[in-house]
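Throughout, read-outs are computed from the coordinates displayed, never taken from laboratory work. Remember, predicted model here, so these are calculated numbers, not experimental data. Note that we place each Cβ from the backbone using ideal geometry, even for glycine, and neighbour counts take in every protein chain shown.
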Amino acid sequence: MLNQTMLALGTKRSCIRELFEYGLKQAAIVGKENVYDYSLGNPSIPAPPEVNETFVRVVKEMDSLAVHGYTPAPGAAEPRKAIADNLNTRFGTAIRPENIFITCGCAPALISVIRALAVPDAEIIAFAPFFPEYRPFVESNGVRFVEIPADYTAFQINLEALEAHITKNTQAVIINTPNNPSGVVYSRETLTKLAALLDRKGKEIGHAIYVIADEPYRELVYDGVEVPFIPTIYANTIVCYSWSKSLSLPGERIGYVCVPDEAEDSANVFAAIAGAARICGHTCAPSLQQRVATLCINCPPDLKAYDENRKLLYDALSSYGYECVKPQGAFYMFVKAPGGDAQAFSDKAKAKNLLIVPGGDFGCPDYFRICTCVSKDMILRSLPTFEALVKE
């Protein structure tokens, strides 16, 4: 006998991963240069030189037992302090090292928070378009996943729809800004209105509604756009972060949860997250990665290539007649599918070895996602195919 929920998750692959693996197979058949793979958000800019240098320095100079041994479950003392100091310096907060729980990337951070909030009949809300893995993260922990329809005008938050979907069982809303897949940054105005709504509704239903701030793209932003730090706007915010994108370290699986003291019942929330991480086996994140990531915590990402790709694709696709909100951050574009059916359009593109992700799993079946963290050369080679498809 097997757990049927887990079996279903293991047999129904992510549409993103399926396209990526299809691209690898096609590359072996037709040549890598003839496959235009926009499927996977895998950073194409190398980690800053300081990162590799720090790996070498830590291994050479630090005590080997400390570098490769277990840390305390929430992380080593020095990295937790470095994270708190960094947030306080940048955002004027009063976060303590004790508010930080270091995790094996952002996904375990999110899962631990969701599991900590998974009381009977709990509901957690996400705003379309959303990262598809939110749904299994929520539902596999016995929580009802509530989807708020997209604000198609600017891909901000549909506040009217949100208010209509909040019930006494609402435990949290997930915020992802800069957003995957749209690249949109939620404005301070949007977040301030959201905070007022959640405060009011929380009082009505008699308990806090937490914001789960999923922030792996916080540093990836263009044109001077502000990315507000949500705990400074809404006290009941739990932050989940990863260095996968800012330092180009997706394979190192290192991130953290931050539960500020200002959040309601913060000590117990933190303890429940620690318990959830324990049950999931996500404690004692890799010691070497903890030390390297936090020693490089102030290294800025090199956004030049991502920005060039963003502008190149946006200008080209717009000139061909595609409709898209201009991304302000991250490394994605969310494009309206000609004809209105993104799955059908993705299938047509796939037949030409152009791999774009249909938006059904993101909550927007009439849009498709393009990852712009690719080589400029591939973009230039793929543009005639984009143009041919929209003409067809």
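The table for this structure:
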item: Calculated FRET value between Glu264 and Asn34, using beta carbons and R₀ = 56 Å, to 0.05; result: 0.55
item: Net charge over other residues, Cβ less than 11 angstrom from the Cβ of Tyr320 (K, R count +1; D, E count -1); result: -2
item: Fully extended contour minus Cα-Cα distance, from Lys203 to Thr153, at 0.36 nm per residue; result: 15.0 nm
item: Ranking of Arg218, Arg57 by count of other Cβ atoms within 10 Å, fewest first; result: Arg57, Arg218
item: Computed [θ] at 222 nm, helices only, for the chain once each DSSP H run of length n ≥ 4 contributes -39500 (n - 2.57); result: -13000 deg cm²/dmol
item: For Val173, Val143, order by how many other beta-carbon atoms lie within 10 Å, fewest first; result: Val143, Val173
item: Between the range 197-258 and the range 118-164, the alpha-carbon center distance in angstrom; result: 15
item: Inter-label distance for Val119 and Glu133, nm, one decimal - labels placed 7 Å from Cα along Cα-to-Cβ; result: 2.8
item: Extension gain, Glu78 back to Ile279 (0.36 nm per residue minus Cα-Cα distance, nm); result: 69.9 nm
item: Coil-residue GluC sites (Glu not before Pro) of the range 258-319, DSSP, other Cβ within 10 Å capped at 14; result: Glu264
